[in-house]
Amino acid sequence: MMSVINESLKQLFEEVKQVYTQKQSIPDSLLSALNFVFKSPLLPALDLVERRCVTMVTSPSGRCVYQVVGSSGTPYTCLLSCDYCGCPAYKFSVIKRGDHIMCKHILAVHLSDAMGLTKELISTDLDLADLIMGID
């Protein structure tokens, strides 16, 4: 069941990528589909993308994590490979209550990547390890 959901999400983000690449915007029909799936985290995630708050941090070894500066200015380190974020909303709404698929930070990472708006930063392996060790 989870693989079906993951595949559907991949297809949805791929559609965002294709449409945004062509039109440099997301049409209302696709926004409605995103809203149906993600609910309340969608608008804050889109705001984070628009404000260019998503950075992919890579190291020479090829490892990467994402940092998203939240609306309060707090940076959150996100692991896209498992859709994990250390923010309180992830722990409460995704893990504990299960009423959201992902928090706004992880959603912002997916959308920012699909829209080609992710900033990139090259880091050392040691600095990247420190970022990972700092995740709650």
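Each value in this text was obtained by applying a stated rule to the coordinates, not by laboratory testing. Keep in mind that this is a model prediction, so the values were computed, not measured. Please note: Cβ atoms are built from the backbone with ideal geometry, for glycine as well, and neighbour counts cover all protein chains shown.
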(request) Pick out the one residue from SER29, SER61 that is closer than 23 Å to LYS119 by Cβ, over 15 Å from the mean Cα position of the chain (by Cα) and surrounded by fewer than 11 Cβ atoms within 10 Å (Cβ to Cβ). (result) SER61
(request) Give the residues of the range 32-54 that are more than 16 Å from the chain's Cα centre (by Cα) and surrounded by 11 or more Cβ atoms within 10 Å (Cβ to Cβ), sorted by residue number. (result) ALA33
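Residue-by-condition table, conditions (1) surrounded by fewer than 22 Cβ atoms within 10 Å (Cβ to Cβ); (2) of a type outside the set (Phe, Trp, Tyr); (3) closer than 27 Å to SER25 by Cα:
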| position | (1), (2), (3) |
| --- | --- |
| MET56 | yes, yes, yes |
| TYR66 | no, no, yes |
| VAL69 | yes, yes, yes |
| ILE95 | yes, yes, no |
| ASP99 | yes, yes, no |
| HIS110 | no, yes, yes |
| LEU117 | yes, yes, yes |
| ASP130 | yes, yes, no |
(request) Only residues that are part of a loop (DSSP other than H, G, I, E, B) and surrounded by 16 or more Cβ atoms within 10 Å (Cβ to Cβ): list them for the range 1-26, please. (result) ILE26
(request) Those residues that are closer than 22 Å to MET133 by Cβ, surrounded by fewer than 20 Cβ atoms within 10 Å (Cβ to Cβ) and without any contact (Cβ under 8 Å) to a residue 40 or more places away in the chain, I need them from the range 71-90; list them, please. (result) GLY73, THR74, PRO75, LEU80, SER81, CYS82, ASP83, PRO88
(request) Considering (1) touching a strand residue (DSSP E or B) at 6+ places or on another chain (Cβ under 9 Å); (2) within 21 Å of ILE26 (Cβ to Cβ), say which one TYR90 fails and leave the rest. (result) (2)
(request) Only strands (runs of 3 or more DSSP E) wholly contained in the range 31-136 count here; list those with 1 or more residues that are in contact with a Gly (Cβ under 9 Å, 6 or more places away or on another chain) and under 20 Å from VAL16 (Cβ atoms). (result) 75-79
(message) Anything in the range 38-70 that is small (Gly, Ala, Ser), closer than 21 Å to ASP99 by Cβ and touching a Leu at 6+ places or on another chain (Cβ under 7 Å)? List them, or say none.
(response) ALA45
